[in-house]
Amino acid sequence: MRKKDIYILGIESSCDETAAAVVKNGRQVLSNIIASQIMVHRKFGGVVPEIASRKHVEQVLPVIDAALAQAGVALADIDAVAVTYGPGLVGALLVGLSAAKSLAWAAGKPLIGVNHLEGHVFANFLTDPDLEPPFLALVVSGGHTALLKVTGYNSFELLGQTRDDAAGEAFDKIARVMGMPYPGGPEIEKLARTGNSQAIEFPRAMLDNPYEFSFSGLKSAVINYLHNEEQADRPVHKADVAASFQEAVTDVLVQKSVAALEAAELKDIVLAGGVSANQVLQDKLAAAAHRVGARLVHPEKILCTDNAVMIACRGYYQFMDGEASGLDLNADPSLKLG
Ligand code: KG4
Ligand code: ZN
């Protein structure tokens, strides 16, 4: 007998993107709708939680309708509704979660609560149809930096994470002090293209624990450098600062990832989270992985930052494992990895 196709509706609203998507059999993207609020938050220099919640309320139903329409699938054809329940901004999470619960209840479909960070990791399954666990994941988003061993579709082992700032947070803060708009990562990357990455020697915190990260010292070093140059009335070459900062962040990320890859004897490493869009990180990590006989997989650009395709993909594997959430599922703003 032919296996039945499984359709998952994914919903994501953890930060400043309202997104919905339909994914067939875990890996086939039928639709991917993202309503970004970046321009709304830009004038405040970062995401304003209250505004984010209100924008999600405005966008969530039209975005879900558009995702179903683009996929050519009716709600009745959906097998389960997968939704991000954390981590993220609580008010933002609650909007997507409430919409998902209502739809699941009204249509009599199972609800599946998805960890947003696991979703970022699963974005790689959509880019590389042959990718299978076990593999290592370097999770680098606005709020998290972690090394995760993915031992199976539903089993993870956290190797280490950041003690202070996340990599994306460091990009955003440095961009902000240099007068660039939110989000800072893409701005720093653009500016760094015209700079010299060897111009300034910023610190690389390697720490005793090989799998833990710390970016607060680097952040302070860049801010102090800018301050000292200004005090001394010397002109600052912002492109050199951006390139040297990016070099320091990516050096640490790459070195620690490769150490973990070798220790765990894994053949694949994947990038996950917004910072995975960074071309310098992708290039350096691909080359370093290659040197130790491993290969890098990274999501295609549109799936690097927040989206609902990754949530539907993660939800599919939970669904296939018989997992379902109750309608009393609550948002968990500080939900952990692993
Ligand atoms: O995963 P994401 O979209 O949202 C969270 O779950 O946090 O990640 C957003 C983060 C921001 O800090 C943003 O500056 C960073 O990803 N980012 C980048 C790039 N694109 C986005 N950082 C460095 N280079 C980029 N090209
Ligand atoms: Zn994210």
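The values are calculated or read from the model by the stated rules, or taken from the named source; none is laboratory data. As the structure is a prediction and not an experimental result, all values here were calculated from the model. When we count neighbours, we look across all protein chains shown, and the Cβ atoms used for this are built from the backbone with ideal geometry, even at glycine. In case anyone asks, the SASA skips ligands and DNA or RNA and just uses the protein heavy atoms, side chains included. Shrake-Rupley method; radii C 1.70, N 1.55, O 1.52, S 1.80 Å.
General observations
- Annotation note: Cβ proximity below 9 Å between a residue of segment 1-21 that is open to solvent by 10 Å² or more (accessible area, probe 1.4 Å) and a residue that is among the aromatic types (Phe, Trp, Tyr) (sequence gap 6+ or interchain) occurs for 6/316; 6/319.
- Just so you know, in segment 181-213 the residues that are hydrophobic (A, V, I, L, M, F, W, C) and open to solvent by less than 30 Å² (accessible area, probe 1.4 Å) include one that is nearest to ligand 1 (Cβ to nearest atom), and it is 188.
- Some residue of segment 267-276 being of a type outside the set (Val, Ile, Thr), over 25 Å from residue 60 (Cα atoms), touching a residue at least 60 places away in the same chain (Cβ under 8 Å) and away from ligand 1 (no atom under 16 Å from the Cβ): yes
- Segment 78-92 - residue that is over 22 Å from residue 67 (Cα atoms) and more than 15 Å from ligand 2 (Cβ to nearest atom) and, of those, nearest to the chain's Cα centre (by Cα): 90
- Only listed residue being touching a strand residue (DSSP E or B) at 6+ places or on another chain (Cβ under 9 Å), free of Cβ contacts under 8 Å to residues at least 40 places away in the same chain and not acidic (Asp, Glu), chosen from 151, 127: 151
- Residue ID - most open to solvent (accessible area, probe 1.4 Å), chosen from residues in segment 258-275 that are in contact with a Leu (Cβ under 9 Å, 6 or more places away or on another chain) and assigned to a loop (DSSP other than H, G, I, E, B): 267
- Residue tally, condition surrounded by fewer than 21 Cβ atoms within 10 Å (Cβ to Cβ), closer than 21 Å to residue 163 by Cβ and of a type in the set (A, V, I, L, M, F, W, C), over segment 219-247: 2
- Residue 150 within 16 Å of ligand 1 (Cβ to nearest atom), modelled with pLDDT of 95 or more and not basic (Lys, Arg): no
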